[in-house]
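Engineer: Sharing a structure, written as structure tokens. Questions coming.
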Amino acid sequence: SASATASNAALADIAQLLDIPELPLTATVAGSAQISGTVGEPVIAADFTLTRGLVQDEPFDRFTGHLTYTSAAIEITAGQLEAGAKRASLAAVYHHPPGQYRNGRIHFDVTTNPMPLAQIRILLAEYPTVRGTLQAAGSGDIDVSPDAQANASYRLAALNADLTAHSLQITDLAFGDAHLSISSEGLVARARFESNIAKSEIRGSGEWRLDGDYPGTATIDFSQVDLARLRNWIQPPTAAQPDSFSGSVQGHLRIDGP
């Protein structure tokens, strides 16, 4: 048995000490830990604080939580993430065969505050002018298995989530509000979508299988879409002689495929 404390330690060095490969996270670590068990199968309980970190390419300011490590599981409880104006609560556990970190299942639970989209770097890479907020709550399971090159690959096995977006905007095009809910049972995931884009009524639903290339189908119905509100979408506002648009449109859209 032993106890340890750390400050200003590199997370990569600690991961190497615990023989955890391919950690998609970099940060500076401070905390305390209690160690028991055997050299071959240690049990670690730790309270930690990560600062100035990156998850993939997404930066964060501070992440605190409690970690329990055994030869067959890694669990994080009471996780609190801060990144600018973004806040998230997180709990997760990874069960795997002893010593086999590339084969197992991750279960996670997460909730966030209304996060400014303009502060999400992954989203800005595709839509640099996006604005609005996104709030999410969800839980799910991810299966981890080695690929042909013996690297870890990930597949979604279960998902239950609720996402709400407000005041969505790209450049000068206002999309309004949207709500998406997802629930899964067995290998089937179902989704429902509602939005008031351009002051219209848009509703959608879909169903996908959580195997293969995720085959599924979805339908979207829209009504009372005011064409005048969509003028900037149809024609750039810098046009020398803007056309006048009036009337409304409604329709039904069906999507099938992976």
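Engineer: What about Q100, is it open to solvent by 50 Å² or more (accessible area, probe 1.4 Å) and assigned to a strand (DSSP E or B)?
Structural biologist: For Q100, the condition - open to solvent by 50 Å² or more (accessible area, probe 1.4 Å) and assigned to a strand (DSSP E or B) - is not met.
Engineer: Please find, within the stretch 13-38, the residue that is nearest to Y154 (Cα to Cα) out of those that are exposed (fewer than 14 other Cβ atoms within 10 Å of the Cβ) and at pLDDT 85 or above.
Structural biologist: D13
Engineer: Same structure again: With the condition kept exactly as written, say whether any residue in the stretch 240-248 is in a strand (DSSP E or B) and modelled with pLDDT of 80 or more.
Structural biologist: Yes, that holds for at least one residue.
Engineer: Yes or no: S145 in a strand (DSSP E or B), touching a Leu at 6+ places or on another chain (Cβ under 9 Å) and open to solvent by less than 60 Å² (accessible area, probe 1.4 Å)? Break it down stepwise before answering.
Structural biologist: Values: in a strand (DSSP E or B): yes; touching a Leu at 6+ places or on another chain (Cβ under 9 Å): no; open to solvent by less than 60 Å² (accessible area, probe 1.4 Å): yes.
Answer is no for this residue.
Engineer: Mind telling me which of the residues T133, T129, T112, T51 ends up being more than 17 Å from the chain's Cα centre (by Cα) and either surrounded by 17 or more Cβ atoms within 10 Å (Cβ to Cβ) or within 19 Å of L11 (Cβ to Cβ) (or both)?
Structural biologist: None of the other options fit; the residue is T51.
Engineer: State all residues of the stretch 61-80 that are touching a Leu at 6+ places or on another chain (Cβ under 9 Å) and open to solvent by less than 60 Å² (accessible area, probe 1.4 Å); if no residue qualifies, say none.
Structural biologist: Those that are touching a Leu at 6+ places or on another chain (Cβ under 9 Å) and open to solvent by less than 60 Å² (accessible area, probe 1.4 Å): F63, T64, G65, Y69, I74, I76, T77, G79.
Engineer: List, please: which pairs have Cβ atoms under 8 Å, are six or more places apart or on different chains, and start with a residue in the stretch 141-153 that is more than 15 Å from Q100 (Cα to Cα) and end with one that is part of a strand (DSSP E or B) and basic (K, R)?
Structural biologist: From the stretch 141-153, the pairs are D141/R105; I142/R105; I142/R155.
Engineer: Do you know which residues across the stretch 166-184 are at pLDDT 95 or above and more than 21 Å from N113 (Cβ to Cβ)?
Structural biologist: Correct list: S183, S184.
Engineer: Taking the condition open to solvent by less than 50 Å² (accessible area, probe 1.4 Å) and either closer than 25 Å to S248 by Cα or in contact with a Cys (Cβ under 8 Å, 6 or more places away or on another chain) (or both), does A178 pass?
Structural biologist: It is true that A178 is open to solvent by less than 50 Å² (accessible area, probe 1.4 Å) and either closer than 25 Å to S248 by Cα or in contact with a Cys (Cβ under 8 Å, 6 or more places away or on another chain) (or both).
Engineer: Can you tell me how many residues within the stretch 195-211 are closer than 12 Å to S223 by Cα and surrounded by fewer than 17 Cβ atoms within 10 Å (Cβ to Cβ)?
Structural biologist: 4
Engineer: Can you tell me how many residues in the stretch 103-137 are farther than 17 Å from A157 by Cα, charged (D, E, K, R) and assigned to a strand (DSSP E or B)?
Structural biologist: 1
The values are calculated or read from the model by the stated rules, or taken from the named source; none is laboratory data. Just so we're clear, the structure is a prediction, and the values are computed from it rather than from any experiment. Virtual Cβ from ideal backbone geometry, glycine too; neighbours counted across all protein chains shown. In case anyone asks, the SASA skips ligands and DNA or RNA and just uses the protein heavy atoms, side chains included. Shrake-Rupley method; radii C 1.70, N 1.55, O 1.52, S 1.80 Å.
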